[in-house]
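The values are calculated or read from the model by the stated rules, or taken from the named source; none is laboratory data. Computed from a predicted model, the values in this text were never measured in an experiment. Cβ coordinates were reconstructed from backbone atoms using ideal geometry, including for glycine residues, and neighbour counts include every protein chain displayed. To get the accessible areas, we keep the full protein, side chains included, count just its heavy atoms, and leave off ligands, DNA and RNA. Shrake-Rupley method; radii C 1.70, N 1.55, O 1.52, S 1.80 Å.
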Amino acid sequence: VMEMQRQAEHASVERRPDGMLEGRPVAILAAKPATDSGSQYSEVIAHFDRETCVLLHAELYARSGELAKQLDAPWADVEKQGERWVPKKITLRDLGKKTQSQIQLRKAEWNVDLSDRLFSQGELAKGH
């Protein structure tokens, strides 16, 4: 996800026609990273729930144009926590390697006061 955010800074983004996913209206955005960005992807297509702005599905295409990865956050696993809508389960599938990674959110705290030093390169390299 962090790679997607970094690449988005150097991408052209196009709004595609809205669609439906799991019975929910979605806004669809297609991002094409700049060719000199170093991105391993030629295009990322993201489907955001129109009501909550939660990313429900993304398709990441390799430079060859072949679908390389898919990210899914099923609506059944999205819940409201206070004023926020949060995906409790996210699955990322690597179609080339035939592997998947799954993130399950068990607990979240919002507006926690954190020291800026926790976000230094040294601390982040430690994997905190």
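Observations, loosely collected:
- Residue pairs whose Cβ atoms lie under 7 Å apart, separated by 6 or more positions or on different chains, with the first residue in region 60-86 and free of Cβ contacts under 8 Å to residues at least 40 places away in the same chain and the second exposed (fewer than 15 other Cβ atoms within 10 Å of the Cβ) and among the acidic types (D, E), are K69/D94; V86/E79.
- Evaluated against (1) over 16 Å from the mean Cα position of the chain (by Cα); (2) assigned to a strand (DSSP E or B); (3) at pLDDT below 95, E109 falls short on exactly one condition, (2).
- Checking each residue in region 105-119 for being open to solvent by 60 Å² or more (accessible area, probe 1.4 Å) and either within 14 Å of R84 (Cβ to Cβ) or of a type in the set (F, W, Y) (or both) picks out K107, E109, W110, N111, V112, F119.
- Test result for V1, open to solvent by 40 Å² or more (accessible area, probe 1.4 Å), among the hydrophobic types (A, V, I, L, M, F, W, C), farther than 26 Å from E109 by Cα and at pLDDT below 95: no
- The number of residues in region 82-101 being open to solvent by less than 50 Å² (accessible area, probe 1.4 Å) and under 21 Å from V26 (Cβ atoms) comes to 5.
- Scanning region 4-27 for residues that are at pLDDT below 80 and open to solvent by less than 70 Å² (accessible area, probe 1.4 Å) yields M4, Q7, A8.
- Qualifying residue in region 24-46 (condition: under 22 Å from Q81 (Cβ atoms) and among the acidic types (D, E)): no
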